[in-house]
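S.K.: Can you read through this structure? Questions will come right after.
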Amino acid sequence: MYEILFSEVVSKQQARIPKKDLEKIKKLLLNLRENPRPLKCKKLVGGEQEYRIRYRNWRVLYSVDDFKKQVIVYGILDRKEAYR
């Protein structure tokens, strides 16, 4: 199983997400412990181990460290802001 870590910025970003969407996003994050690269994820261009998962208008941005068995979530953003 992989350990899920969050950057400091993610806690501030969670405050802007509606509760209904946040609950679903949390379930998606918990599933990353078993499979850090689910079928719904997409590898980001320019990053070696960086991925994103879509949920409605939200994007969960994360990286995977297979050696340490860690998933580092560094962003939960609206799609308009996610790729800037």
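Read the figures in this text as sums done on the coordinates, not as results from a lab. Computed from a predicted structure; not experimentally measured. Because the Cβ atoms are built from the backbone with ideal geometry, glycine has one as well, and the counts that use them run over all protein chains shown.
S.K.: Search the range 46-61 for residues that are closer than 23 Å to Ala15 by Cα and in contact (Cβ under 8 Å) with a residue 24 or more places away in the chain and pair each with any residue that is in a strand (DSSP E or B) and of a type in the set (Phe, Trp, Tyr) when their beta-carbon atoms are under 9 Å apart and the residues are at least 6 apart or on different chains.
M.R.: Arg52/Tyr62; Ile53/Tyr62; Val60/Tyr51
S.K.: Kindly list, by first and then second residue, each pair from a residue in the range 12-41 that is on the phi < 0 side of the Ramachandran plot to a residue that is surrounded by 15 or more Cβ atoms within 10 Å (Cβ to Cβ) and among the basic types (Lys, Arg), limited to pairs with Cβ atoms under 8 Å and residues at least 6 apart or on different chains.
M.R.: Between residues of the range 12-41 that are on the phi < 0 side of the Ramachandran plot and residues that are surrounded by 15 or more Cβ atoms within 10 Å (Cβ to Cβ) and among the basic types (Lys, Arg), the close pairs are Cys41/Arg52.
S.K.: Would you check if Leu77 is outside any strand (DSSP E or B) and surrounded by 11 or more Cβ atoms within 10 Å (Cβ to Cβ)?
M.R.: no
S.K.: On the given criteria, is Lys26 surrounded by 10 or more Cβ atoms within 10 Å (Cβ to Cβ), of a type in the set (D, E, K, R) and closer than 18 Å to Asp78 by Cβ?
M.R.: Criteria met by Lys26.
S.K.: Quick check on the range 1-12: of everything there that is of a type outside the set (Gly, Ala, Ser) and within 12 Å of the chain's Cα centre (by Cα), which residue is surrounded by the most Cβ atoms within 10 Å (Cβ to Cβ)?
M.R.: It comes out as Val10.
S.K.: While we're looking at this one, here's another question. Looking for something surrounded by 12 or more Cβ atoms within 10 Å (Cβ to Cβ), closer than 15 Å to Glu81 by Cβ and more than 13 Å from the chain's Cα centre (by Cα) - is there at least one such residue anywhere in the range 33-56?
M.R.: The answer is yes; a qualifying residue exists.
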